[in-house]
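Computed from the coordinates by the stated procedures, all read-outs in this text should not be read as laboratory data. Treat the numbers as computed from the prediction; the structure is a model and nothing was measured. Cβ sites come from the backbone with ideal geometry, for glycine too, and all protein chains shown count toward neighbours.
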Amino acid sequence: MRSSRLLKKTGTLVLAASLLGAAMAPAQAAMVGTAQVIAAEQGALSRAQLASMLEREDLQRQLTAMGVDLQHAKDRVAGLTDAEVARINQQIEKMPAGADALGVVLTIIVIFIITDLVGWTDIFPFVHPIK
């Protein structure tokens, strides 16, 4: 009986000490501006628009003819920053209606070559990274 009472007191003291010693992380809250929400949503919409273009059969044929793996191209588009996606979509919008996707393909390939030059990727064997 005495040992169970001592065990209860010791357990209570250990529990109290662990609860008091636990570090509480402060919660942080901030206002989210309308501009931030719109920018994030616009970035997601632009990325979806560019990804949907990669689903076109004519664009897929051109990428394959140029030796670009389609899945790798989709992964690269998913990895672009919002600014890069916006710039590509802006160039696409400047193209005349009914224009072929050659401009899009060339833009994507130029981006791939630049990332190969920087050394972030190794898509094209003929491009050597800058040291």
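When you count the other C-beta atoms within 10 angstrom of each residue and take the mean per peptide, 105-117, 50-62, 34-46 line up highest first as 105-117, 50-62, 34-46.
Could you give the size of the charge dipole of the chain about its Cα centre, using +1 on the Cβ of each K and R and -1 on the Cβ of each D and E, expressed in debye and rounded to the nearest 20?
I would put it at about 1340 debye.
Listed by chain and number, the lysines placed with their C-alpha closer than 25 angstrom to that of Lys9 amount to none; residues fewer than eight positions away on the same chain are left out. Subtracting the Cα-Cα distance of Gln28 and Val118 from their residue separation scaled by 0.36 nm leaves 28.6 nm.
As an exercise, use a Förster radius of 30 Å and the Cβ-Cβ distance of Ile92 and Gln36 to find the FRET efficiency, rounded to the nearest 0.05.
Details: r = 25 Å, r/R0 = 0.84.
Plugging the Cβ-Cβ distance into 1/(1 + (r/R0)^6) gives 0.75.
What is the extension gain from Lys9 to Arg56, computed as 0.36 nm multiplied by their sequence separation minus the C-alpha to C-alpha distance, in nm to one decimal?
Result for the pair: 9.7 nm of gain on full extension.
What are the lysines whose alpha-carbon lies under 29 Å from the alpha-carbon of Lys74, with same-chain residues fewer than 8 places away excluded? Of all the lysines, those that pass the test against Lys74 - Cα under 29 Å, at least 8 places apart if same chain - are Lys94, Lys131. Over the chain, calculate the relative contact order: mean separation of alpha carbon pairs under 8 Å at least 6 apart, over the residue count, as a percent. With pairs under 8 Å counted, the relative contact order is 17 percent.
Positive contributions from Lys and Arg (+1) and negative ones from Asp and Glu (-1), summed over other residues with Cβ under 14 Å from the Cβ of Leu15, come out at +2. Summing +1 for each Lys or Arg and -1 for each Asp or Glu among the other residues whose beta-carbon sits under 14 angstrom from that of Leu70 gives -1.
Sum -39500 (n - 2.57) across every DSSP H segment of at least 4 residues in the chain, then divide by the residue count to get the 222 nm mean residue ellipticity, nearest 500.
-22000 deg cm²/dmol
In the set [x] 23, 18, 11; [y] 41, 24, 11; [z] 56, 21, 14, the label that goes with semi-axes √(5λ) of the Cα gyration tensor in Å computed for this structure is [z]. Placing unit charges on each Cβ (+1 for Lys and Arg, -1 for Asp and Glu) gives the chain a dipole about its Cα centre, and among Leu6, Ala78, Phe126 the Cα reaching farthest toward its positive end belongs to Leu6.
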